[in-house]
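Notes follow the structure.
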Amino acid sequence: MIRKIRLKWQLAAIFLALGVLLVAGYSMLAAHYFMLGMDSFLVGSMEHAVQRYETEAKQGLTRPEIEGFTITRRWAEQPSAVQSAFGQPPEPARTLLKARVERIKGKQHGRLYFAMRFPEADGDLFITHEISRKSVSDLVGTIIHDNLNSLLTISIGSALALVLILWLVLRSVSKPVSRLGQWAHDLNTDTLREPVPDFRYPELNELAGLVRSSLSSLEENLEREHRFLRHTSHELRTPISVIRNNVELIRSLPPEKGPASDSPLGPIIDRVDRASLTMKHLTETLLWLSRDEPENLPTRTLSLDTLIRELVSEHRYLLRDKDVTLTVETEPTALDLPHVAARVVIGNLIRNAFQHTWAGEVSIRQQGDTVHIDNHQASDEDANDDLGFGLGLQLTAQLTERLGWSYRNDPAPGGHRVTLRLGTVGTG
């Protein structure tokens, strides 16, 4: 996995690379112009020597050496070392050529040769000059050394100043950005109502305002949803209780007052009872989700295997008139869990498996604190992409996430496989 680099370090690296490139470029440019100045000074001296040579030649004086320069009419008259260094006469005219020779015949030489051709009316003049480390005067060496030191000092100083400026800029920008991130991280219901702090830059202030506005809107929507769930769930409990109580009352009537065994009211009452039971479980689930701190609910030791068999018995009506084979395997297990939450979650899973299996098999296996529920359709015609899904399972996923239980709902051939792990086995 590639580790991502923070934005401020990327910007720092980019600006530092640009700064180093600029400093190096200007240093090379300064060194180039320094050498160009030295060459210009040498060319001026050569031109002055040639003028003096012509003046003396008109007076009948011919000297091959003038002011340290060798001036000849023919290239072959130049010293052999110069001819060997350049190989051929200097071309084009009035252009300074340079040649550096470090070794001659295997010995350290260390000489720099200069040559130039001056075209004149009566023929070309060749002027050359050589410099060695020993021939350079102490004054010239000191000047060159001082200039190079000045150039190096300016370059290093510029680089350090660039680094300092870069550090100050990044510090000035990153500090309010870090404050913005920390402020956004610490936002809660109370701090959302407070004014947005000043983060120095208008762009960051606008971003903070957008974050606050978005979170405030989200909080209002969540509060509205929770309020709706609480009110709706509480309002539904009363009619559901009335329906279930009346159903129980009808069933408890004496035979002479109640519906006859062959009366069509019997199946109707059973359907009303089952529908009210489903509404009761859904209402309990909605109430559970609307609570702010479900993890603080009181727990008690309950027998998981007994609870599963009770829930299977309660929902067995969903398999009535279906060609479904039901397998239930449990083992005695005691768990310390919130009773209502466990009943709602496991009941939703069992009801969903029974409800979405038309012909096939349903397997419920419980081992310790883990429950496996598999539903499988006997034919592909009965299979459906929506098998194992519904409002009940969406609520179950939210419940298990808030309770910290392990929950998986994986597609299987012709159905789904659900695995639920509820926690630590109790001592009871």
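The values are calculated or read from the model by the stated rules, or taken from the named source; none is laboratory data. Given the structure is predicted, the values throughout are model-derived calculations rather than measurements. In this analysis, Cβ positions are derived from the backbone assuming ideal geometry, glycine residues included, and neighbour counts consider all displayed protein chains. The protein model used for the area step is the full one, side chains on, heavy atoms only, and it has no ligands, DNA or RNA in it. Shrake-Rupley method; radii C 1.70, N 1.55, O 1.52, S 1.80 Å.
General remarks:
- Prolate/oblate/rounded call for the stretch 307-378, Cα gyration tensor, a/c under 1.5 rounded: prolate
- For ARG417, residues with placed amide H under 5 Å, excluding near neighbours: ASP410, ALA412
- Label point distance in nm, VAL328-SER216, each placed 7 Å from Cα along Cα→Cβ: 5.4 nm
- Per residue value of the accessible surface for the stretch 1-95 (all protein chains in place, 1.4 Å probe), Å²: 74 Å²
- Close amide H pairs (under 5 Å, H built 1.01 Å from N) link THR330 with GLN366, residues at least 5 positions away or on another chain.
- At R0 = 22 Å, FRET efficiency that the Cβ-Cβ distance of HIS32 and GLU67 yields, to 0.05: 0.25
- Taking trypsin sites (Lys or Arg not before Pro) across the stretch 148-206, the ones in a DSSP loop with at most 16 further Cβ atoms lying within 10 angstrom of their Cβ are ARG200.
- Table column - 3J(HN,Hα) (Hz), the stretch 27-43, Karplus curve with 6.51, -1.76, 1.60, x for Gly and Pro: 5, 5, 5, 5, 5, 4, 5, 5, 5, 5, x, 4, 5, 4, 5, 5, 5
- Whole-angstrom gap from the stretch 4-64 to the stretch 163-206, using each part's C-alpha centre: 48 Å
- Residue-level accessible surface for TYR26, protein heavy atoms, 1.4 Å, Å²: 150 Å²
- 3J(HN,Hα) couplings calculated from phi for the stretch 333-345 with the Karplus curve 6.51 cos²θ - 1.76 cosθ + 1.60 (θ = phi - 60°) are, in sequence order, 8, 10, 10, 9, 9, x, 4, 5, 5, 4, 5, 5, 5 Hz; Gly and Pro show x.
- FRET efficiency estimate (nearest 0.05) - Cβ-Cβ, THR301 to LEU152, R0 60 angstrom: 0.15
- Overall shape: prolate for the stretch 8-85, with the ratio a/c of the largest to smallest alpha carbon gyration tensor axis at 1.5 or above and a/b above b/c.
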